[in-house]
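*Asks:* Quick one: this structure, given as structure tokens, is what I'll be asking you about.
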Amino acid sequence: MTPQSRLDLVRFAAMSIPSPRGDREKLITSLTPQLRRHLKIRAFEHGMDIQDATEHAIKAWYTTDTVPEVDTSGAKTWGTFLPSGEPDEFKSVCAQRGVTYVQGLAQALTLWLDAHPSPTKPLVAQPVVRVIIANQKGGVGKTFISSGIAQALAEAGHRVLLVDYDPQGHLTAELGFEDLMYEDDVETLMMHMDGSAKGDIHDLLVALDQERFGERLHLLPASDDAFLRDVALSKVSFSEAALERALEPLELDYDIIIIDGPPSLGLNMDTALYYVRRREGELADRSGLISPVWANRASHRAVRLLKRQKDDLCHKGRITVDYLGLIINAYDSRRGKLVRENREQWEKSASPSVLAVIGDLKEGREASDGEIPLLEYAPDSEHAQAMRDLAKELAV
């Protein structure tokens, strides 16, 4: 074993951590974004959770004598739950074979993917994918990420509903529909949430008419009564389910529903988190929460607060909300040592893990200022490609 391999073994040592399921322990190692994405998609296609697919992959790897080396460059911290004792067993086998845990896991997953090709269609029917892009800290790029991912999904052929759940309505304005927020005598999302609406919620939707989206991308715009949502929800019975009751009539029309979250922690956030909870029979890490962050201390504090609210809601409501990951947005290493150190700290997190690092580029700002969808304004830009890569994380 080379000195670098020994260093990798220390750096990426698997750790046994009790899991909420009690009889499982957490394996923390690293995985390349490409392999993580392929695992998520293939596991879903075969009706499995990621952790179950990983468990099967590792057991098959134990019985395979000769396994080609896998390119693990660019691997990021990643964790999954395995049966009790399995992390130590995996560590022992890696040591016997003289490979790092990163390489051992990559070999196991590659073998499993080769042995489980994509079926003609997923083996288990699943609810519509529901994702909230949320962080109560303002200015981190929630709207930019929400809009960009939705555009990339629609461009790839998926039916997408984009919900502007931020009372400030930045998403609605940046897509060119600001006037809709101030229309008189028009029912609103809030009215469908509190039960006072008489009409069909489909009537609130508008379509982005750019050819690349193929009439597959729809927006549920913000409205000027959204600032009163926390107060209004306090008077609604079982308010946590108010957003779900409002959006339920739309779900069969879409493959994915993306919510641009509110910049606050309150009932407004609770309803959105409850909506993206893991439903009965739904696979893990399919619907859930994604947080855009900056490489600074304020973002670390904000995510801790959001995670605390999510965990409290899950505990009291006896539900599970999967934290799908973090997106480090507007990153520029030239801003100094602290920025680089904060990025490194984010990337050491196994739960939630970092899905992408997006640079501080001009195309996103220009598209927003011009009220033009990013993929229409700069389809070949680095920003646009980052959104397409993120869309692949959700397209299952």
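Bear in mind that the values in this text are calculations on the coordinates, not laboratory data. None of these values were measured; they are calculated from a predicted model. No Cβ is skipped: glycine too gets one built from the backbone with ideal geometry, and neighbour counts run over all protein chains shown.
*Asks:* Please report the Cα spread of the range 324-396 along all three principal axes, rounded to whole Å, starting with the longest.
*Replies:* 35, 35, 17
*Asks:* Where does the longest stretch of the chain lie that holds no GluC sites (Glu not before Pro) found in a DSSP loop with 13 or fewer other Cβ atoms within 10 Å?
*Replies:* 70-182
*Asks:* Students often forget the sequence filter, so: which lysines lie under 22 Å Cα-Cα from LYS235 once same-chain residues fewer than 8 apart are removed?
*Replies:* LYS198, LYS310, LYS316
*Asks:* Convert each backbone phi in the range 71-76 into a coupling constant with the Karplus relation 6.51 cos²θ - 1.76 cosθ + 1.60 (shift: θ = phi - 60°), then list the ³J(HN,Hα) values in order as whole Hz, x for Gly and Pro.
*Replies:* 5, 10, 5, x, 5, 10
*Asks:* Along the charge dipole of the chain, pointing to its positive end and built from +1/-1 on Cβ of Lys, Arg, Asp and Glu, which listed residue (PHE177, PRO263, VAL70) has its Cα farthest out?
*Replies:* VAL70
*Asks:* Semi-axes of the equivalent ellipsoid of the range 53-167: what are they in whole Å, largest first, if each equals the square root of 5 times a C-alpha gyration tensor eigenvalue? The partial results should precede the final answer.
*Replies:* Details: eigenvalues 269, 73, 40 Å².
Here the semi-axes work out to 37, 19, 14 Å.
*Asks:* Using C-alpha positions alone, give me the convex hull volume of the range 112-159 per residue in cubic angstrom.
*Replies:* On the way: hull volume 7.1 nm³, N = 48.
Each residue corresponds to 147 Å³ of Cα convex hull volume.
*Asks:* Please quote Rg/Rh for the range 148-294 to two decimal places, taking the Kirkwood radius as Rh and restricting both calculations to Cα atoms. Don't skip to the end; give the middle numbers.
*Replies:* On the way: Rg = 14.8 Å, Rh = 15.8 Å.
Taking Rg over the Kirkwood Rh, I get 0.94.
*Asks:* Still on this structure, please answer the following. Magnitude of the Cβ-charge dipole of the chain, K/R +1 and D/E -1, about the Cα centre, nearest 20 debye?
*Replies:* Values: 46 positive and 61 negative charges, 456 e Å.
Roughly 2200 debye for the chain.
*Asks:* For the range 60-120 and the range 155-175, what is the separation of their Cα centres, given in Å?
*Replies:* Spelled out, the Cα-based centre of one part sits 39 Å from the other.
*Asks:* Which cross-chain or sequence-distant (5 or more) residues have an amide H under 5 Å from the amide H of LYS76, H modelled 1.01 Å from N in plane?
*Replies:* Long-range HN contacts for LYS76: LEU31, THR32.
*Asks:* Taking only C-alpha pairs under 8 Å that are 6+ residues apart, what is the relative contact order of the range 285-396 in percent?
*Replies:* Values: 128 pairs, mean separation 28.7, N = 112.
The normalised contact order for the range 285-396 reaches 26 percent.
*Asks:* Name the chymotrypsin sites (Phe, Trp or Tyr not before Pro) in the range 229-337 that are in a loop by DSSP and that have at most 15 other C-beta atoms within 10 Å, would you? If you can, show how the numbers build up before the last one.
*Replies:* On the way: sites: PHE238, TYR254, TYR274, TYR275, TRP294, TYR323, TYR331; in loops: PHE238, TYR254, TRP294.
Counting only loop positions with at most 15 other Cβ atoms within 10 Å, the chymotrypsin sites (Phe, Trp or Tyr not before Pro) in the range 229-337 are PHE238.
*Asks:* Take the chain, connect every pair of alpha-carbon atoms lying under 10 Å apart with a spring to form a Gaussian network, then pick out the residue of ASP166, ASP114, ASP270 with the largest mean-square fluctuation.
*Replies:* With Cα springs under 10 Å in the chain, the top fluctuation among ASP166, ASP114, ASP270 is at ASP114.
*Asks:* Quick one: divide the alpha-carbon radius of gyration of the range 34-113 by 2.2 N^0.38 Å and tell me what you get.
*Replies:* Working: Rg = 11.9 Å, N = 80, 2.2 N^0.38 = 11.6 Å.
Cα Rg divided by the expected 2.2 N^0.38 Å: 1.02.
*Asks:* Continuing with this model, one more query. For the chain, with equal point scatterers placed on the C-alpha atoms only and solvent neglected, what are the log10 I(q)/I(0) values from the Debye formula at q = 0.08, 0.09, 0.13 1/Å, to two decimals?
*Replies:* Each listed q maps to, in turn, -0.43, -0.55, -1.12.
*Asks:* Specify whether the C-alpha gyration tensor of the range 208-297 places it in the rounded, prolate or oblate class, a ≥ b ≥ c being the square roots of the eigenvalues: rounded for a/c under 1.5, otherwise prolate if a/b is larger than b/c and oblate if not. Provide the component values of the computation, followed by the final result.
*Replies:* On the way: a/c = 1.28, a/b = 1.25, b/c = 1.02.
Judged from the Cα gyration tensor, the range 208-297 comes out rounded (a/c under 1.5).
*Asks:* For LYS26, list the aspartates and glutamates whose Cα falls under 13 Å from its own Cα; do not include residues on the same chain fewer than 8 positions away.
*Replies:* ASP52, GLU55, GLU86, ASP88, GLU89
*Asks:* Which of the trypsin sites (Lys or Arg not before Pro) found in the range 160-255 are in a DSSP loop and have at most 11 neighbouring Cβ atoms, other than their own, within 10 Å? Before the final figure, lay out the partial values.
*Replies:* Numbers: sites: LYS198, ARG212, ARG216, ARG229, LYS235, ARG245; in loops: LYS198, ARG216, LYS235.
Answer by residue number: LYS198, LYS235.
*Asks:* Indicate the gyration tensor shape class of the range 247-396 (rounded, prolate or oblate), computed on the Cα atoms with a ≥ b ≥ c the square roots of the eigenvalues: a/c under 1.5 is rounded; otherwise a/b larger than b/c is prolate and the rest oblate.
*Replies:* On the way: a/c = 1.91, a/b = 1.24, b/c = 1.54.
It is oblate, given that a/c is not under 1.5 and a/b is not larger than b/c.
*Asks:* Where a Cα-Cα gap under 21 Å defines reach, which lysines qualify for LYS392, not counting those fewer than 8 residues away within the same chain?
*Replies:* Once the sequence-local lysines are set aside, what remains near LYS392 is LYS40, LYS76, LYS121, LYS142.
*Asks:* Under 8 Å for C-alpha pairs, at least 6 residues apart: give me the relative contact order for the chain, rounded to a whole percent.
*Replies:* Values: 715 pairs, mean separation 77.5, N = 396.
Over the chain, the number comes to 20 percent.
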